[in-house]
Each structure stands twice: as structure tokens, then as C-alpha cells.
1. I need W38, W8 ordered by Cβ neighbour count within 10 Å, fewest first.
2. How do I166, I136 rank when sorted from fewest to most other Cβ atoms within 10 Å of their own Cβ?
3. Can you list, largest first and rounded to whole Å, the semi-axes you get for segment 6-169 by taking the square root of 5 times each eigenvalue of its Cα gyration tensor?
4. If you average the sequence gap of Cα pairs under 8 Å that are 6 or more apart and divide by the length of segment 13-169, what percent do you get for the contact order?
5. Give me the net charge for the shell around V168: Cβ to Cβ below 14 angstrom, other residues only, Lys and Arg +1, Asp and Glu -1.
6. What does the convex hull of the Cα atoms of segment 11-55 come to per residue, in Å³, rounded to a whole number?
7. Could you estimate the translational diffusion coefficient of segment 1-82 from the Stokes-Einstein equation, with Rh from the Kirkwood formula over C-alpha pairs, at 20 °C and 1.002 mPa s, in whole µm²/s?
8. Specify the residue with the greatest mean-square fluctuation among R63, R86, R130, computed from a Gaussian network of the chain linking alpha-carbon atoms under 10 Å apart.
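Taken together, the values in this text are just the output of simple stated rules run on the coordinates, not laboratory data. Note that the coordinates shown come from a computational prediction; the quantities given were computed from them, not determined experimentally. Note that each Cβ is placed from the backbone with ideal geometry, even for glycine, and that neighbours are counted across all protein chains shown.
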Amino acid sequence: MVSVPSFWLGYLLIDFLAFRPLMAFDLGIFPIGGYAPWDVRYLALPAVALGATGAAYYTRLTRSAMLDELGHDYVRTARAKGLHDRRVTWRHAFRNAMPPLMTQLGLDLGFFLGGVVIIEQVFSWPGVGRLAVDSITNADVPLIMGTVLFGTFCIVMANLLVDVVIAVMDPRIRY
């Protein structure tokens, strides 16, 4: 799933979960395009299309971080003291594996914002990504600057939030 482009997965989801059931069985479970506020059916397919790549990547990253942490001496010591494996895994190893994952999540926010632009185009959603594409098409320079500034603000705030969360999770880290 890491190598599947989000727009291609979006088109496949529209075809197999929205279009074909509608044509074959007259089941309109997932709408083909557009947006209706407070209707989760419109959110399901875009969320899966955007999140599948990130979920696969972070699953792989979490696995490698956990394998690294489970090999350390403090995990062996905790098991030797008689702690349950679940407690050792979640309380000790996972807590120490989280800071690199959180850092990567903060760095990948720009990638996810770029994916949102494409997903909004595929699913015909009105949003900031579609606004940015329309402003580029119409050469509306103030609106282009506004959408870029908004994206930059989101990335900076996400990185600040990640730094604060990491400092709370790991008391050894002080800024």
C-alpha cells in the first residue's frame, strides 16, 4: 500500500465501492462525488484513499521501532523481574518507540496536505486544496499566497504540537 498513489486508490474505491454497486444492485452506499455536511458516507472513501498509504508506512515504521526497542536491555530486565509481556511491550517499549514516530508524523504533514489536494480533486470536494488548484488555474496571486500561508501555518503548528507531545511523553527531553 505504500507504493499505491492516493488518487489511483481513490479511483479504484469509487469504481468498486460506489459505481459498480450502484449500477448492478442500485445500492448507493457510497456517493460517487460531491460533499454533504454531516454525512459520513461522503467521508469514508476519501479518508481510506488518503490514509491507506500513511497507515501502511506508519505500520512498517512502528514495527521496526518496536523490534529495535524490544531488543534493549531494559526490556529483558523488565521481563526478568516478572512483568507481564503486554505491560513490558506497551508500558516500556512502545512508550520509548513513540518519539521517532511522532517526529516522522510531524514531518509528513506536508505530504498529507499535498495528498489532500489530489483527493479533493478526485472526489469533487470543496476544500482548501481545491481552492489552491482553482487559484493557480485562475492566476489569483493573493489567493495562492493565502493557501500557501495556510498550509505553512498548519505544518508549523503540527511540528510545534509534536515537539510538545514528545517533551511530555519523554521527561528526559527538555527544550
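1. W38, W8
2. I136, I166
3. Each semi-axis is the square root of five times an eigenvalue, giving 39, 24, 11 Å.
4. 21
5. Taking every Cβ under 14 Å from that of V168, the sum is +1.
6. Cα-based convex hull of segment 11-55, divided per residue, equals 73 Å³.
7. Calculated translational D: 137 µm²/s.
8. Of the options given, R86 has the highest mean-square fluctuation.
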